[in-house]
Amino acid sequence: MTERVLVLNAGSSSLKYRLLDGSTGAAEASGTVERIGEESGTLTHSVGGEDHTEERHVADFEDALRSALDAFDRHGPAIDQGGLAAVGHRVVHGGDLFAAPVVVDDRLLTTVEDLVPLAPLHNPANLEGLRVARRLFPDVPQVAVFDTAFHQTMPEHAYTYAVPLAWREEHRIRRYGFHGTSYAFVSRRAAELLGRPLDDTNMVVLHLGNGASAAAVLGGRSVDTSMGLTPLEGLVMGTRSGDLDPAIHGHLHRELGWSLDDIDRALYRESGLLGLAGANDFREVSQRRAAGDAAATLAFDVYAYRVRKYVGAYYAALGELHAVVLTGGVGQHSAELRAAALGGLFRLGIELDASRNEAPSHDARVVSADGSEVAVLVVPTDEEWEIARQALEVVRGAR
Ligand code: ADP
């Protein structure tokens, strides 16, 4: 039986794909179709260390997936329905209905559609990806893997907002959390690296990419996370504000006459590092900070301070902490950020080793000092492999 899985991540105007072995994670090819629906789109197909790029109009998701399959035909490897164990889909919002991945059927599509109000930017694109892939691969099981699923273990006191009962009961307003696929992968790898059973390991995991969040993971189960109803809450991100006073909405509306859409757009797309420093890329912020730029220095400080606060809060939530684990582009590569967020915490048992922290690497590694009570780890995430792994598990279970 083949272990080959095609993983699809359909975004609002892009489609990312990877063909990989779900058991070993070995990738055979991957690619991105960008600017779907715009005048000119780009398809990049990477195989055997080579990138094949072409510019052309991509009308919709069906066109995008057909173009990707065409790229497999032309540049390899050959991909046919019989050779696929599953197509694994990233679905952003599963509400409180999915704590595990599921095989896609008509009922599931209706349920994901019902959840659109909770993720109006993401779920419609994910749904389209599911529908198109079902049409193009009718004989291959399609598995939906939800970003929210990992956090369904949060206790009620952690996921409940202090708001009226009707909001919570009728409108499902609560904290859900995201980046769950990454947390599942990273926490398992971190426990392996520590040589401890996952169910006896407590960690604070920091996923610091373009989107950023933190999670408190107790014995392999999420007990709190910084993103909430939407992926806006929590840490400072590339273009998202993270935590702020919810009364800012009313204030902007009353004082400036801004509509809710204006405010949403500003908080999702014009805030975070971009709002603070005029650049959403952490590397650029770091470089400008090193050159003495005041706005970039403030952006870095606000970002690092927010991370540090969450580490303290989640340490308290967990009671006993074995590891702080960093992942995502910033978490994996910025020694400065790790030092700013975790430095001077020896009273909490957290002690970085300066030379380990500063040594560049792409591997999973320990960056704390030998005597540090709490280990500090850097673990590269691999969400596509996790989706493929979970999809295989579901398909095997269903056989
Ligand atoms: P995504 O959330 O889109 O998957 P990534 O996890 O790749 O994003 O993270 C992207 C972020 O990581 C960007 O802000 C980028 O600047 C930052 N980053 C990547 N490499 C480095 C580096 N060497 N030093 C600092 N930041 C980095």
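Taking segment 125-152 as the range and being without any contact (Cβ under 8 Å) to a residue 40 or more places away in the chain and surrounded by 20 or more Cβ atoms within 10 Å (Cβ to Cβ) as the test, only Leu127 passes.
Exactly one residue out of Leu198, Leu235, Leu206, Leu260 is more than 16 Å from the ligand (Cβ to nearest atom) and either at pLDDT 95 or above or among the charged types (D, E, K, R) (or both), and it is Leu198. Within segment 36-49, the set of residues being surrounded by fewer than 21 Cβ atoms within 10 Å (Cβ to Cβ), assigned to a loop (DSSP other than H, G, I, E, B) and not hydroxyl-bearing (Ser, Thr, Tyr) comprises Gly37, Glu38, Glu39, Gly48, Gly49.
Within segment 320-336, the set of residues being among the hydrophobic types (A, V, I, L, M, F, W, C) and either away from the ligand (no atom under 14 Å from the Cβ) or touching a Ser or Thr at 6+ places or on another chain (Cβ under 8 Å) (or both) comprises Leu321, Ala323, Val324, Val325.
Taking Asp264, is it acidic (Asp, Glu), over 28 Å from His362 (Cβ atoms) and free of Cβ contacts under 8 Å to residues at least 24 places away in the same chain? Judged against the criteria, Asp264 is a match. More than 12 Å from the ligand (Cβ to nearest atom) and within 21 Å of the chain's Cα centre (by Cα): does that describe Tyr303? The answer is no for Tyr303. Taken together, the residues in segment 153-168 that are in contact (Cβ under 8 Å) with a residue 12 or more places away in the chain and outside any loop (DSSP other than H, G, I, E, B) amount to 3. Restricting segment 296-347 to residues that are among the basic types (Lys, Arg) and surrounded by fewer than 23 Cβ atoms within 10 Å (Cβ to Cβ), the residue that is farthest from Tyr159 (Cα to Cα) is Arg347.
Let's see how each residue does on (1) in contact (Cβ under 8 Å) with a residue 24 or more places away in the chain; (2) among the charged types (D, E, K, R):
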position: Ala340; (1), (2): yes, no
position: Ser361; (1), (2): no, no
position: Val366; (1), (2): yes, no
position: Glu383; (1), (2): yes, yes
position: Val394; (1), (2): yes, no
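Residues considered: Arg399, Arg389, Arg347. Of these, the only one that is over 19 Å from Gly209 (Cβ atoms), modelled with pLDDT under 95 and basic (Lys, Arg) is Arg399. In segment 212-231, the residue that is nearest to the ligand (Cβ to nearest atom) out of those that are modelled with pLDDT of 95 or more, surrounded by fewer than 24 Cβ atoms within 10 Å (Cβ to Cβ) and assigned to a loop (DSSP other than H, G, I, E, B) is Gly228. Filtering Gly88, Gly94 for residues that are assigned to a loop (DSSP other than H, G, I, E, B) and among the small types (Gly, Ala, Ser) leaves a single hit, Gly94. When Val311 is tested against (1) more than 17 Å from Gly234 (Cα to Cα); (2) touching a residue at least 40 places away in the same chain (Cβ under 8 Å); (3) away from the ligand (no atom under 13 Å from the Cβ); (4) hydrophobic (A, V, I, L, M, F, W, C), exactly one condition is not met: (1).
Part of a loop (DSSP other than H, G, I, E, B) and surrounded by 17 or more Cβ atoms within 10 Å (Cβ to Cβ), is that true of Val33? Answer is no for this residue.
Note on segment 348-399: among residues that are assigned to a helix (DSSP H, G or I) and β-branched (Val, Ile, Thr), the one that is surrounded by the fewest Cβ atoms within 10 Å (Cβ to Cβ) is Val394.
From the list Arg240, Arg283, the lone residue that is out of contact with any strand residue (DSSP E or B) (no Cβ under 8 Å at 6 or more places or on another chain), assigned to a loop (DSSP other than H, G, I, E, B) and within 16 Å of the ligand (Cβ to nearest atom) is Arg240.
The values are calculated or read from the model by the stated rules, or taken from the named source; none is laboratory data. The structure displayed is predicted, hence computed values, not measured ones. As a convention, Cβ positions derive from the backbone with ideal geometry for all residues, glycine included, and neighbour counts pool all protein chains shown.
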